[in-house]
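A short worksheet on the structure shown next.
The values are calculated or read from the model by the stated rules, or taken from the named source; none is laboratory data. Computed from a predicted structure; not experimentally measured. Heads up, the Cβs are rebuilt from the backbone with ideal geometry, glycines too, and the neighbour counts pull from every protein chain shown. We work out accessible area using only protein heavy atoms, side chains counted, and drop any ligands, DNA or RNA first. Shrake-Rupley method; radii C 1.70, N 1.55, O 1.52, S 1.80 Å.
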Amino acid sequence: MSIEKIKIVLARNGVFGALILMALIFGAINPRFLSFNNGSTILQQIAELGIISLPVAFVVMMGCADLSVGAIASCSAVIAGYALLGSHNVIIGMLAGLAFGVLAGAINGFLVAYLRLNTFVVTLGFLNVWNGLAFLLSGGKTLTGLPAGFTRLGTFFIGFVPLQIAVLIVAVAAAWYILNHTAKGKQILAVGGNNRAAHLMGVRVEATKFRVFVVTGALSALAGMMLSAKLAAVSPSVGNGMELTALIVVLLGGIAFEGGTGRISGVVAGLLFVGVLRNGLVILGVSAYLQTILVGLTLVVAVALDKSIQRIIRSAWQSRARKLVQQDSAGARSLELVSPGK
Amino acid sequence: MIGAAPAMDPALPAGAPALERVHFQDMTVDFGATRAVDNFSLAMLPGEIVGLLGHNGAGKSTVLNVATGAVAPTGGSFAVDGVEVPRGSSPRAFAELGVTVVHQEPALAKNLSVFDNLELGRSRKGGRDARRHTARAVLSKVGAGIDLDRPVSTLSLGQRQLVDLARGVMEGEIKVLLLDEPTAALGAQETAALHGLIREFAAAGTAVIYVSHRLPDILDVCTRIVVMSGGRQIIDRPAAGITARDLAQALAPGISKPELTDTSKDKTAIELPFGSSRIQARTGEVVGLFGMASGEQFSLLEDLYGVGRPMTGVLLDGEAYQPAKPLDALRRGIHYVPADRERDGLLPTVSAKMNVLLPWLSHMGAGWWVGGAGKGMYSGSRNELNVHGPTGEEPIAEFSGGNRQKHLLARWMFPKRPRLLLLAQPTQGVDFGAKVDIVRALRRLAAEGTTALVASAESDEIASMCDRSYVIYKDRLRELRGQKVSDENLLESLLSLAAGNEPDPTTVPFKDSDRKQLP
């Protein structure tokens, strides 16, 4: 492996480096931080955020944004809550919540893909619409007395793995497979990188955007219900602020707002970073308000660093290309020397 | 007949530099290892209108860019009214000396009003009313009676060019006016108006350099003709007495013709109505569609690919074909390589390999294609077009311009062989070696049964790769076959079509004896 290649790998995975460094610092201050139990706690804390961040990552890769995910999570949770209280059937309740998520995603997708409205405006609008609806339906109250079958999901273990973590792992694996090993994944990158070129390549740009928004809505609903199961109660503000945290995760993961690029490992790194930072600050006893300030500042620093990281990657690729050309011509020259005649 | 040696204008008295409005002296421009302009010298008197001609890559735009300060020359000097402009001066310094350029697509802030655009980047003097008065006077000077408050986005292209010109007038006296393909997208009336304006400026002492592909426009307005090829001046003489035929011949030297395939016995692959006649191509034939810059031939390809106007009466292998979207075309094996490949084709953020394979992934099935089939397909395509550079895993941006172009051509030529390949200016903006590679790859595909339609505004491009060509002007059509598809014939046909003295092509019967003799 050449120096350039190492540089590229290091620069690309800088978030992981920062993550490890941060974990070691927290661990040095408080050894309890590095325990297995705390690791598991962190994963459980970020599972729902991760399930929302993954589809949001795809949305950003398409050159779009979805600010309505948190509100969809809240509203689905409320709808699922009423369906659970009414039917006492876990499956009916969750299907109702998911159906709402799909519907909300489809509305976003239709307006963005087919009517070509600006994604920021559309999803900002629906952030308010669904938040309002969640409060309107619940009257601002928290719903309790949910069926035990539902709340048990919040503490359910598959073997020794908590259900939330298992769902997160499946979601990460699926996202990775879709992005790297399916035509659809590459088409999403193509749509984000060059809309018109994608259209000319026969990619169904509108359908692609629509589907990504639908899946985003569905997964937001899932995350809202998972949080409610964990809390054993449905609050109309359960998804508050998740849209921004998910964007922070995605941007920390090195996915540019311009669209067309992104790696799932980046999203995972961003997710772990946010999880570790929050958990570490709690263990250190930092106030919640200060935590919010620190998470925000981290994002700005990360994006600023990303600029210089991109520059490092670019120059490494270039010096590598130059070397290859030199080797090429050197090879050609030595061939000339040995070839007879001429 | 015109001589091939650079000749000074006989009207220019020797040893009288003070009279010269513009003087390029021994100008040389290198881009890396490429010499774009080689020892270019041009002295112009006030009032001269020089038509600058040449094929793509001949160095015309570079000469213009030197004169505006956008490109710093490697050697030589540039002087306006005997004042030498120091090398490396900013475009601003050139503008202050009285150099104004009007581009084919004017660089204006479209969202702002005409008035705002005229004032943009200038220090404001005086009250608003006085400034508006000046602006109105300037606009009327360039013959544009445009409302000052109109947003530039609502203006026609011709009007925008006039606003661009008015910006130059705002600067003070225009001593040197540079026009880069000013009429490429203008109608006849707008062209005539622009030419009238150019003559007025020249009469007032402005030296004009007029770059264009449109030979009739050059002959209409220019007083002196300079032809460039490979960065050198090959002709410099007064325009009087030059015919379009002379110009066509002067531009002629191109790539020698490759061996062509005999397709006279093959069946018709595609047939489409055009004007009052039809355009057709046989299986395995490479057919040119030659016309003006941004002419009808390019829209035809878009229509055929389902991204233009709806079409009727198209027969693909004898069956009716009506594309509504690119997928319809792709399903029938029709692939389209757009003219602006970087804008309409490049996926800047994904790897070189994915740039080639992306449209075909869904045919390869979801799964682990990255490893086996995909890799082979990519390296196969690369070999066919002789691509150089880093490995396919690296970002496409790391490849040189010519190799990026090759990737985008490879995408539509090799992973899946097209039945009908639609190419718009396939060798535009690539160097000679890449041109040869592209022509060779296209001829190989044709030999294997791909039919190709090549749309271009470059006669040498059509001549270098086509078995047969249609010359298109508006809704008029003329056909050239076999060895008759040459640079001169194409240009001459286009000129006579544009002049309107062309017999209805439907009356020309299809004779197989017209087909060239094959070895």
* Asked: Which far-off residues, 5 or more places away or on another chain, put their amide H under 5 Å from the one on B:ARG232, with H placed in the peptide plane?
  -> B:ASP38
* Interface B/A, total buried accessible area with a 1.4 Å probe, nearest 100 Å²? -> 2500
* **Accessible area per residue, Å², chain B with all protein chains present, probe 1.4 Å** => 41
* Given H placed 1.01 Å from N in the peptide plane, which residues other than close sequence neighbours of B:ILE209 have an amide H under 5 Å from its amide H? -> B:VAL50, B:LEU177, B:LEU178, B:LEU179
* To do: Place a +1 charge on the Cβ of each Lys and Arg in the stretch B:163-243 and a -1 charge on the Cβ of each Asp and Glu, then give the dipole magnitude about the Cα centre in debye, rounded to the nearest 20.
  => 300
* Separation of alpha-carbon centers, the stretch A:48-63 and the stretch A:141-191, rounded to whole Å -> 13
* To do: Scan around B:GLU285 for amide H atoms under 5 Å from its own, H built in the peptide plane at 1.01 Å from N, and keep only partners 5 or more places away or cross-chain.
  => B:ALA452
* Structure fact -> To the nearest Å², the heavy-atom accessible area per residue of chain A with 1.4 Å probe amounts to 47
* To do: Return, ordered by residue number, the residues of the stretch B:96-115 whose backbone nitrogen is under 16 Å from a label point located 7 Å along Cα→Cβ of B:ARG122.
  => B:96-102, B:107-109, B:113-115
* What pairs in B:LYS406/B:LYS435; A:LYS307/B:LYS375; A:LYS184/A:LYS209; A:LYS141/A:LYS230; B:LYS110/B:LYS325 have C-alpha atoms more than 21 Å from each other? -> A:LYS307/B:LYS375; B:LYS110/B:LYS325
* Can you give the alpha-carbon Rg of the stretch B:32-115 over 2.2 N^0.38 Å, where N counts its residues? -> 1.22
* Residues of B:342-350, mean number of Cβ from any other protein chain within 10 Å of their own Cβ, rounded to a whole number? -> 6
* Can you give the average number of partner chain beta-carbon atoms within 10 Å of each beta-carbon in peptide B:323-332, as a whole number? -> 2
* Structure fact -> Rounded to 0.05, the calculated FRET efficiency for the beta carbons of B:GLU448 and B:ARG278 at R₀ = 22 Å is 0.30
* Structure fact -> Once both label points are put 7 Å beyond Cα along the C-beta direction, the B:ALA204-B:SER140 separation in nm becomes 1.4
* Please label the shape of chain B as rounded, prolate or oblate, based on the square roots a ≥ b ≥ c of the eigenvalues of the alpha-carbon gyration tensor (a/c under 1.5 means rounded; beyond that, a/b larger than b/c means prolate, else oblate). => prolate
* To do: Work out, step by step, the length gained on full extension between A:VAL300 and A:VAL129: first 0.36 nm times the residue separation, then minus their alpha carbon distance; give nm to one decimal.
  => 58.7 nm
* **Under the Karplus curve 6.51 cos²θ - 1.76 cosθ + 1.60, θ = phi - 60°, whole-Hz ³J(HN,Hα) for the stretch B:223-239, x wherever Gly or Pro sits** => 9, 8, 10, 10, 10, 10, 8, x, x, 10, 7, 9, 9, 8, 7, x, 6
* Estimated FRET transfer efficiency when R0 is 56 angstrom, pair A:ARG32-B:ASN111 (beta carbons, to 0.05) -> 0.45
* Once you charge only the Cβ atoms, +1 for Lys and Arg and -1 for Asp and Glu, what is the size of the charge dipole of chain B about its Cα centre, to the nearest 20 debye? -> 920
* Once Lys and Arg get +1 and Asp and Glu get -1 on their Cβ, which of A:LEU272, A:VAL282, A:ALA106 lies farthest toward the positive end of the dipole of the stretch A:3-326? -> A:LEU272
* Asked: Ordered by residue, what ³J(HN,Hα) values in Hz, to whole numbers, does the stretch B:418-430 give under the Karplus form 6.51 cos²θ - 1.76 cosθ + 1.60, where θ = phi - 60° and Gly and Pro are x?
  -> x, 7, 10, 10, 9, 10, 10, 6, x, 10, 5, x, 10
* With the full set of protein chains in place, find how many percent of the accessible area of chain B is carbon and sulfur; take the probe as 1.4 Å. => 53
* Measure nothing but the geometry: give the 0 to 90° angle between the long axis through the Cα atoms of A:163-181 and the longest principal axis through the Cα atoms of chain A, rounded to 10°. => 40
* To do: Please give, to one decimal in nm, the separation of the simple spin-label points placed at B:THR154 and A:THR292, each 7 Å out from Cα toward the Cβ.
  => 4.6
* To do: Just name one of B:ASN383, B:LEU421, A:ASN128: the one whose Cα is farthest towards the positive end of the charge dipole of the protein assembly as shown (beta-carbon charges, Lys/Arg +1, Asp/Glu -1).
  => A:ASN128
* Per DSSP H run of at least 4 residues, take -39500 (n - 2.57); add these up for chain B, divide by its residues and hand me the 222 nm value, nearest 500 deg cm²/dmol. => -9500 deg cm²/dmol
* Structure fact -> Each label sits 7 Å from Cα toward the beta-carbon; between A:PHE157 and A:VAL282 the label points are separated, in nm, by 2.0
* Report the FRET efficiency, 1/(1 + (r/R0)^6), for A:GLN310 and B:GLU173, where r is their Cβ-Cβ distance and R0 is 51 Å, rounded to 0.05. => 0.65
* **³J(HN,Hα), Karplus 6.51/-1.76/1.60, whole Hz, each residue of the stretch B:172-184, x for Gly, Pro** => x, 5, 7, 8, 10, 10, 10, 10, 10, 6, x, 9, 4
* Asked: Let a ≥ b ≥ c be the square roots of the eigenvalues of the Cα gyration tensor of the stretch A:3-326; is it rounded (a/c under 1.5), or, if not, prolate (a/b larger than b/c) or oblate?
  -> oblate
* Which whole number gives the average, over all residues in A:176-188, of C-beta atoms from other chains lying within 10 Å of the residue C-beta? -> 4
* So, by mean Cβ neighbours within 10 angstrom, what's the order for A:173-181, B:470-478, B:145-153 with the highest one leading? -> B:470-478, A:173-181, B:145-153
* **Debye, to nearest 20: dipole size of the stretch A:3-326, +1 on Lys, Arg Cβ, -1 on Asp, Glu Cβ** => 1000
* Structure fact -> Of the candidates B:ALA329, B:ASN489, B:VAL454, the farthest towards the positive dipole end of chain B (Lys/Arg Cβ +1, Asp/Glu Cβ -1, centred on the Cα centre) is B:ALA329
* **Shape parameters for the protein assembly as shown, alpha-carbon atoms, Rg then Dmax in Å** => 32.5, 104
